[in-house]
Amino acid sequence: MKSNFERMMELIDEVFSTRNDPEQLQVDQDVIARLQKIHPACLSEYDNGNGPAIWILVFPTTFELMGKFLAGKISEQTLFNETKEGTQFDVLYLCSASVLPEYRKKGLAKKMVIEAIHTIQKDFPIKTLFVWAFTDGGDKLADKIAKEVGLELRKKII
């Protein structure tokens, strides 16, 4: 039987295919460390005792960078690279919400993202949420979150 970690890595590879797309954010230990410097609430994990069942990645950035990303002028990797610590951020990028199948449609990912948003809003005047949804579930999750927290939602179309 595969561990939750192995299953999560397979899920991420299946949905996002990040290993085959240098335009997407390549999450490694350096990226994780930098995300923590940008804001401690950028990464969230739900561990059911058998390893990660949900991983959430959000990060604040600027309205200008969001506009370039949504217009296709910069990649997701460039969006992250150009987001500098210590900046007065005003938008939030919902980068990913990876959820093992048996934990979907239970409201856990939504709750985790909303908690991250509220925590980040204590430090930055976030008014807009943006997303590049790879699945219908991700798109619906973003809609629900934006509505519940009262943020404008902008979407990059695949």
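The values are calculated or read from the model by the stated rules, or taken from the named source; none is laboratory data. Predicted, not measured: the structure shown is a model, and the values here were computed from it. Cβ: placed from backbone, ideal geometry, glycine included. Neighbour counts: every protein chain shown.
When only residues in segment 33-51 that are small (Gly, Ala, Ser) and surrounded by fewer than 16 Cβ atoms within 10 Å (Cβ to Cβ) count, which is farthest from the chain's Cα centre (by Cα)?
Filtering segment 33-51 for residues small (Gly, Ala, Ser) gives 33, 41, 44, 49, 51.
Imposing the further condition that a residue be surrounded by fewer than 16 Cβ atoms within 10 Å (Cβ to Cβ) reduces the set to 33, 49, 51.
On the way: Ala33: 15, Gly49: 23, Gly51: 19 Å.
Filtering first and then ranking leaves Gly49.
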> When the residues of segment 88-146 are filtered to those that are part of a loop (DSSP other than H, G, I, E, B) and in contact with a Lys or Arg (Cβ under 7 Å, 6 or more places away or on another chain), which remaining residue is modelled with the lowest pLDDT?
Replying inline: Ala133
>> Condition first: part of a strand (DSSP E or B) and free of Cβ contacts under 8 Å to residues at least 24 places away in the same chain. Now tell me which residues in segment 24-46 satisfy that.
In response: Leu43, Glu45
> Which residue pairs have Cβ atoms closer than 8 Å, lie 6 or more positions apart in sequence or on different chains, and pair a first residue in segment 1-23 that is part of a helix (DSSP H, G or I) with a second residue that is of a type in the set (D, E, K, R) and modelled with pLDDT of 80 or more?
Replying inline: Asn4/Asp47; Glu10/Lys2
>> With the structure loaded, tell me whether Ser96 is small (Gly, Ala, Ser) and touching a Leu at 6+ places or on another chain (Cβ under 6 Å) or whether it fails that test.
In response: yes
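Scan segment 113-132 for residues that are over 22 Å from Glu64 (Cβ atoms) and surrounded by fewer than 21 Cβ atoms within 10 Å (Cβ to Cβ) and report the count.
Total meeting the criteria: 5.
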